[in-house]
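Asks: Supplied in structure tokens, the structure appears directly below.
The values are calculated or read from the model by the stated rules, or taken from the named source; none is laboratory data. These numbers come from a predicted model, not from an experiment. When we count neighbours, we look across all protein chains shown, and the Cβ atoms used for this are built from the backbone with ideal geometry, even at glycine. The area values use the complete protein model at the heavy-atom level, side chains included, leaving out ligands, DNA and RNA. Shrake-Rupley method; radii C 1.70, N 1.55, O 1.52, S 1.80 Å.
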Amino acid sequence: MQKIRNVAIIAHVDHGKTTLVDKMLLAGNLFRENQNAGELILDNNDLERERGITILSKNVSINYKDYKINIIDTPGHADFGGEVERVLNMADGCLLLVDAFEGPMPQTRFVLQKAIQMGLKPVVVINKVDKPNCRPDEVQEMVFDLMCNLDATEDQLDFPTIYGSAKQGWMSTDWNKPTDNITPVLDAIIEYIPEPESIEGPAQMLVTSLDFSSYVGRIAVGRVHRGELREGADIALCKKDGSVVRQKIKELHVFEGMGRKRVQSVKSGDICALVGIEGFEIGDTIADFEHPEPLPRIAIDEPTMSMTFTINDSPFFGKDGKYVTSRHIHDRLVRELDRNLALRVEKGADEDKWIVYGRGVLHLSVLIETMRREGYELQVGQPQVIVKEIDGVKCEPVELLTINVPEEYSSKMIDMVTRRKGDLVSMTVQNDRVHMEFNIPSRGIIGLRNNVLTASAGEAIMAHRFLEFQPWKGDIERRTNGSLIALEAGTAYAYAIDKLQDRGRFFIFPQEEVYAGQVVGENAKDNDIVVNVTKSKKLTNMRASGADDKARIVPPVVFSLEEALEYIKEDEYVEVTPHHIRLRKIILDDIERKRANR
């Protein structure tokens, strides 16, 4: 029997999953000498570090007591559901990581539900017991209740629990007795998580993930289901349409620590990477050349949102970015499809437009942010939900929304969500905080986060996950305020902004360059107004009787990318360049706009 354990780690955003894995790598002595203290090894792309979320799942392995533990990091956001499904396919058990204060959260539930359906055995780790006012025992009860709700089997409900603090680097079976190391977790993995079955027979492997190297191209990653794969062997690739293609394995790698090492052969149960396989998709099977038998494909959740992507055609195009043509953007979107499972791209009505489908605003905005950092310029339209016809009824995606706020704000939250066609499902009060669950159409969530945080003075914790398609709920009132639109191109002056401040709030700083048709602020009323922010003060040598007043300017509102996407109206675009995010009208010229509105 092989001494291998394949473990997926499940946790809500920010419960310390990536920190725990880093500490486990330290325990396995697989750690770079020059690593800075406090620097995360796993979340190594800039976006993941800034937001503190895991976007791409990664594989690492640890050698401990002659066992090889393959650890698979899973994303916690429901927006990256496409990642979660495939990752769990490689595991035999999971570590469920829960914050000792917050308890299990909705997104933990999303991944855990999938793990329990696949029959994985959980080991529960209750992290952050060093926090003041934490409640490990209550949280353990909550985890048990959650598992019962998800229809776990008797065996799954009989889970071991480990307590500790990943940040301080200790774990223990009793939270009142701290230890000085993290080995109790590793011991629990070896003791409770079953080893992969070693199945004899013709080779079979499901491609569940892929890697890309500019040197060898696409690399297929997956777990060997049956038999043995050898370097240089001929294999059959069973594709989605049922065809079988003959291929050859050029190189075979297994994961070791943070990297990979080349080996001659891999037996069933281990996770490996194959170099030299061409034209594969995620979900294809690599099978024995003589007896090709495909494994069942992975079902991936459907996209729920779409956005229009188009080239940047504003007067400022090409000033920031290096990739601005439609060919560049098209190639980049096609490349993204290679890795990003839940994404779909369609050609739009025009030559220079694409409709991109994804799992939510976060999923799509991460793609836009990545492109922007790579030097692309593009424009993006308002996010739209995908509407389906089911049995002749118009249906839209509905999500389960949970909001946790201090008691005094709860009525405001309920009012806000019900106006957006949400229904209150449950409400519980614990320690002066109210935990509410709603069913709400995905349309209603767009732009909700800002309002919720403003109304609760930043205290709200809000999370949502996709539930199902339900019949259309009727119209939802979106942003009611109009826009302030720049009249002509030029430099915005403090003098002009000062005189216009009673019209609404501004999004631009004095001395910023603007162009005609750019949205420079929000009107206090519900109609759009065109304003001239480039007007400077006329200077004369005549003395005036009144002293000049200084311009007093309220600081402008600065949008993040998601906020901008959620804020715009149907006739507006967000212009995204490496250094700027601007809002603009689709039709820049004022007279043309009036004509079109007629």
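Asks: If you find the alpha carbon centre of region 347-364 and of region 233-312, how far apart are they in angstrom?
Replies: 26
Asks: What part of the accessible area of region 410-556, given as a whole %, is carbon or sulfur when the probe is 1.4 angstrom?
Replies: 49
Asks: When the C-alpha atoms of region 243-359 are aligned to their principal axes, what extent does each axis show, in angstrom, from largest down?
Replies: 59, 29, 26
Asks: Among R552, R479, R230, R5, what's the order by accessible area (1.4 angstrom probe), most exposed first?
Replies: On the way: R552 185, R479 50, R230 130, R5 15 Å².
Largest accessible area first, the residues go R552, R230, R479, R5.
Asks: Place +1 on the Cβ of every Lys and Arg and -1 on the Cβ of every Asp and Glu in the chain, take the dipole about the Cα centre, and give the residue among A91, L146, I581 whose Cα lies farthest towards its positive end.
Replies: The residue sitting most towards the positive pole is I581.
Asks: Related question: Of all beta bridges DSSP finds with both residues in region 456-574, what is the antiparallel percent, to the nearest 5?
Replies: On the way: 8 of 11 bridges.
About 75 percent, rounded to the nearest 5.
Asks: For A489 and K347 in the same chain, what is the full-extension length gain: residue separation times 0.36 nm, less their Cα-Cα distance, in nm?
Replies: Details: separation 142, 0.36 × 142 = 51.12 nm, distance 3.22 nm.
Full extension from A489 to K347 adds 47.9 nm.
Asks: Exactly which GluC sites (Glu not before Pro) in region 548-587 are in a DSSP loop and have at most 11 other Cβ atoms within 10 Å?
Replies: On the way: sites: E562, E563, E566, E570, E572, E575; in loops: E570.
Sites meeting the loop and neighbour criteria: E570.
Asks: Okay, next question. Could you tell me which trypsin sites (Lys or Arg not before Pro) in region 489-531 are loop residues by DSSP with no more than 12 other beta carbons within 10 angstrom of their beta carbon? Display every interim value, and only then the final one.
Replies: Working: sites: K499, R503, R505, K525; in loops: K525.
Listed in order of number, the matching sites are K525.
Asks: For a quick check: with amide H placed at 1.01 Å from N, whose amide H comes under 5 Å from I386's, ignoring anything fewer than 5 positions away on the same chain?
Replies: For I386, the qualifying residues are M305, S306.
Asks: While we're here: K388 versus V245, label points 7 Å from Cα toward the beta carbon: distance in nm?
Replies: 2.9
Asks: Hey, for a label at R419 modelled as a point 7 Å past Cα toward Cβ, could you say which residues of region 431-448 have their backbone N under 13 Å away?
Replies: 448
Asks: Given a 1.4 angstrom probe, what's the average accessible area per residue across region 384-484, in square angstrom?
Replies: With all protein chains present, region 384-484 gives 49 Å² per residue.
Asks: What are the ³J(HN,Hα) couplings of region 223-236, residue after residue, when phi is run through the Karplus curve with 6.51, -1.76, 1.60 and θ = phi - 60°? Round to Hz, x for glycine and proline.
Replies: Whole-Hz 3J(HN,Hα) from phi for region 223-236: 10, 5, 7, 8, x, 9, 9, 10, 5, x, 7, 7, 9, 10.
Asks: How much length is gained on full extension from M427 to I553, taking 0.36 nm per residue of separation minus their Cα-Cα distance?
Replies: Details: separation 126, 0.36 × 126 = 45.36 nm, distance 4.30 nm.
Net length gain for the segment: 41.1 nm.
Asks: So what's region 322-450 giving for Cα Rg divided by 2.2 N^0.38 Å, two decimals? Before the final figure, lay out the partial values.
Replies: Numbers: Rg = 18.9 Å, N = 129, 2.2 N^0.38 = 13.9 Å.
This ratio for region 322-450 stands at 1.36.
Asks: Averaging the inverse of every distinct alpha carbon separation and then flipping it gives the Kirkwood radius. What is it for the chain, in angstrom units? Please report the intermediate quantities before stating the final value.
Replies: On the way: mean 1/r = 0.0373 Å⁻¹.
About 26.8 Å for the chain.
Asks: Over region 85-156, what portion of Cα pair distances is larger than 16 Å, expressed as a whole percent? Present the calculation step by step, with values, prior to reporting the outcome.
Replies: Working: 1179 of 2556 pairs.
When all Cα pairs of region 85-156 are counted, 46 percent exceed 16 Å.
Asks: Using 0.36 nm times the number of residues separating L467 and Q511, minus their current alpha carbon distance, what extension gain do you get? Present the calculation step by step, with values, prior to reporting the outcome.
Replies: Details: separation 44, 0.36 × 44 = 15.84 nm, distance 4.69 nm.
Stretched out fully, the L467 to Q511 stretch lengthens by 11.1 nm.
Asks: Let me ask something additional. Which value, in debye to the nearest 20, describes the size of the charge dipole of the chain about its Cα centre when Lys and Arg Cβ atoms bear +1, Asp and Glu Cβ atoms bear -1, and nothing else is charged?
Replies: Here the chain has a charge dipole of around 1760 debye.
Asks: Something else about it: So for region 395-532, if I pair up every lysine 8 or more residues apart or on another chain, how many of those pairs have alpha-carbons under 22 Å apart? Kindly include the intermediate steps, with their values, before the conclusion.
Replies: Working: K412/K421; K412/K473; K421/K473; K499/K525.
Taking region 395-532 as the scope, the lysine pair count is 4.
Asks: Now for a different question. In region 192-248, what percent of the accessible surface is made up of carbon and sulfur (1.4 Å probe, ligands and nucleic acids excluded)?
Replies: Details: 1320 of 2860 Å².
Accessible surface attributable to carbon and sulfur in region 192-248 totals 46 percent.
Asks: Any idea what the relative contact order of the chain is, in percent, if you count C-alpha pairs under 8 Å spaced at least 6 apart?
Replies: Working: 1267 pairs, mean separation 60.1, N = 598.
That works out to 10 percent.
Asks: OK, next. Could I have the simple spin-label model distance between I591 and E278, label points 7 Å from Cα toward Cβ, reported in nm to one decimal?
Replies: For I591 paired with E278, the spin-label model returns 5.7 nm.
Asks: Give the accessible surface of region 555-598 per residue, rounded to a whole number of Å², with probe radius 1.4 Å and ligands, DNA and RNA excluded. Mind dumping the intermediate values first?
Replies: Values: 2340 Å² over 44 residues.
Ligands and nucleic acids excluded, the result is 53 Å² per residue.
Asks: Let me ask something additional. Can you pull out the chymotrypsin sites (Phe, Trp or Tyr not before Pro) in region 161-233 whose DSSP state is coil and whose Cβ has at most 12 other Cβ atoms within 10 Å?
Replies: Details: sites: Y163, W170, W175, Y192, F212, Y215; in loops: W175, Y215.
Within region 161-233, the qualifying chymotrypsin sites (Phe, Trp or Tyr not before Pro) (loop, at most 12 other Cβ atoms within 10 Å) are Y215.
Asks: Return the calculated 222 nm mean residue ellipticity for the chain, to the nearest 500 deg cm²/dmol, obtained by summing -39500 (n - 2.57) across DSSP H runs with n ≥ 4 and dividing by the residue count.
Replies: Details: 15 runs with 136 residues, N = 598.
Computed mean residue ellipticity for the chain: -6500 deg cm²/dmol.
Asks: Now, a different point. In terms of modelled amide H atoms, which long-range or inter-chain residues lie less than 5 Å from the amide H of L467?
Replies: Those qualifying (amide H under 5 Å, at least 5 residues apart or on another chain) are V398, E399, L400.
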